[in-house]
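One structure follows; several queries about it will come next.
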Amino acid sequence: MHEFIVKTSSRNEFVDITDRVRALVQESEVEAGLCTVYCPHTTAAITINENADPDVTEDILRKLSTLIPTRENYRHIEGNSDAHIKSSLVGNSAQIIIHNGSLRLGTWQGVYFCEFDGPRTRKVWVSLIKTDR
Ligand code: ZN
């Protein structure tokens, strides 16, 4: 398993981690397999979406914040229930195919670490599994 650190700078933020995941795959020399990118936090998430137009991730963040307000009649005493809910909705991992030694992402796809309770210093875990082809 590999681990790297992501430092976030806002309460809600998408950080493009595609290059960092790509680098781990290339260093590993896995030719064919599966790459799991995992977020070990309850107020953050991992997703794959467009990385060509930054307005896309901005729109996702805005819509999530409209659907899940920061302040509501939440019970959780820590005061960050919105972040926990966003984390569960977006999900804590993504799996990407490794083909010919590199990540097989669509043309417009990037891998994002999604911060919902920042700024914080976060961890990302990456596991690579070799397959036949
Ligand atoms: Zn909490």
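Every number here is computed from the coordinates shown, using simple stated rules; none is lab data. If you're wondering where the values come from, they're calculated on a predicted model, not measured in any experiment. Backbone-built Cβ (ideal geometry, glycine too); neighbour counts: all protein chains shown.
Using the Kirkwood radius built from alpha carbon pairs, what does the Stokes-Einstein equation give as D for segment 14-133 at 10 °C and 1.306 mPa s, in µm² per second? Before the final figure, lay out each step's value.
On the way: Rh = 15.3 Å.
Stokes-Einstein gives a translational diffusion coefficient of 104 µm²/s.
For the chain, take the longest principal axis of its alpha carbons; what is the angle in degrees between that and the long axis of helix 81-90, to the nearest 10 within 0 to 90?
Between helix and principal axis, roughly 30 degrees.
Mind listing the phi-derived Karplus ³J(HN,Hα) values for segment 102-118, rounded to whole Hz, using 6.51, -1.76 and 1.60 with θ = phi - 60°, and x for any glycine or proline?
For segment 102-118, the Karplus curve yields 9, 5, 9, 9, x, 3, 9, 8, x, 9, 10, 8, 10, 8, 10, 8, x Hz.
Right, here's the next one. Is there a quick way to get the dipole size of the chain? I mean about its Cα centre, with the Cβ of Lys and Arg at +1 and of Asp and Glu at -1; what is the value in debye to the nearest 20?
320 debye
Turning to a different aspect of this structure: Just report the Cα centroid separation between segment 117-133 and segment 30-100, whole Å.
13 Å
Grab the chain and count how many Lys pairs have their alpha-carbon atoms under 25 Å apart, sequence gap of 8 or more, or different chains.
Counting lysine pairs in the chain gives 5.
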